[in-house]
Amino acid sequence: MSSTPAASATPLSTATYTEKLWPNLGVWIIVLGLSAAGILILIPISPLAGYLAFFVLLVLQTVALLLWTPKIEVTADTLRVGRAVIEREYVGEVTYYLADDATAQRGTRLNGLAYLCIRGWIKPVVKVEITDPHDTTPYWLTSTRNPERLAAALGRGRQ
């Protein structure tokens with residue numbers, strides 16, 4: 001199979017497109033709210049325990065979000081989306097979707113065999129057809145804040 005886990009990062013000098021799918025403001029507000037729940041749960045026992053729980057939950061959630069933020073990277077030879085990597089020779093048609101079309105691609109038009117790198121806080125998606133005859137994955141669907149730029153970097157983009 002041509003889709004393999006990423007072993008190491010590509011130097012930025014060779015990447016033609018790079019994007020990290022960072023959480024948006026709404027996600028960070030949810031993190032603060034969940035961390036504040038630690039105060040509400042433990043403050044009856046001790047104010048110190050409540051505030052300590054807040055900071056521990058805040059740090060743990062922040063570290064988890066930052067460590068698991070996927071990266072999209074296009075080089076002359078490969079496409080890397082999250083942990084998956086494929087050679088560019090197996091990249092077929094690239095299509096990007098906005099608004100309601102993007103929602104449909106993530107929902108009713110989704111193929112169950114597709115590789116997904118979806119973030120709910122990023123609405124546009126890019127669909128990358130996989131042409132490798134040994135790979136059963138029909139396409140990759142990834143969230144992106146810059147669908148036109150990603151499609152252009154892959155050289156086969158259309159809406």
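The values are calculated or read from the model by the stated rules, or taken from the named source; none is laboratory data. Quick caveat: nothing in here was measured; it's all calculated off a predicted structure. In this analysis, Cβ positions are derived from the backbone assuming ideal geometry, glycine residues included, and neighbour counts consider all displayed protein chains.
Just a few scattered comments:
- Entry remark, region 42-62: residues being surrounded by 13 or more Cβ atoms within 10 Å (Cβ to Cβ), of a type in the set (Val, Ile, Thr) and at pLDDT 95 or above number 1 in total.
- Highlighted here are the strands (runs of 3 or more DSSP E) found entirely within region 38-115 that include at least 2 residues which are of a type in the set (Phe, Trp, Tyr): 91-97.
- Qualifying positions in region 118-154 - out of contact with any Phe, Trp or Tyr (no Cβ under 6 Å at 6 or more places or on another chain), of a type in the set (Gly, Ala, Ser) and modelled with pLDDT under 95: Gly120, Ala152
- Taking the criterion of being in contact (Cβ under 8 Å) with a residue 24 or more places away in the chain and either farther than 23 Å from Arg119 by Cβ or hydroxyl-bearing (Ser, Thr, Tyr) (or both), the residues of region 29-68 that qualify are Ser35, Thr62.
- Test for Thr18: is it polar (S, T, N, Q), modelled with pLDDT under 95 and either over 18 Å from the mean Cα position of the chain (by Cα) or closer than 29 Å to Val128 by Cβ (or both): no
- Residue within region 118-135 that is under 24 Å from Trp28 (Cα atoms), more than 13 Å from the chain's Cα centre (by Cα) and surrounded by 20 or more Cβ atoms within 10 Å (Cβ to Cβ) present: no
- Test: residue in region 87-96 that is touching a residue at least 60 places away in the same chain (Cβ under 8 Å), crowded, with 18+ Cβ neighbours inside 10 Å and basic (Lys, Arg): no
- Of the residues making up region 111-121, one or more are touching a residue at least 40 places away in the same chain (Cβ under 8 Å), within 18 Å of Trp22 (Cα to Cα) and among the basic types (Lys, Arg).
- Qualifying positions in region 12-30 - closer than 30 Å to Val74 by Cβ and assigned to a helix (DSSP H, G or I): Leu12, Ser13, Thr14, Leu25, Gly26, Val27, Trp28
- Of all the numbered requirements in (1) out of contact with any Phe, Trp or Tyr (no Cβ under 8 Å at 6 or more places or on another chain); (2) within 17 Å of Ala153 (Cα to Cα), Glu73 misses one, and that requirement is (1).
- In this structure, Arg145 qualifies as charged (D, E, K, R), assigned to a loop (DSSP other than H, G, I, E, B) and in contact (Cβ under 8 Å) with a residue 40 or more places away in the chain.
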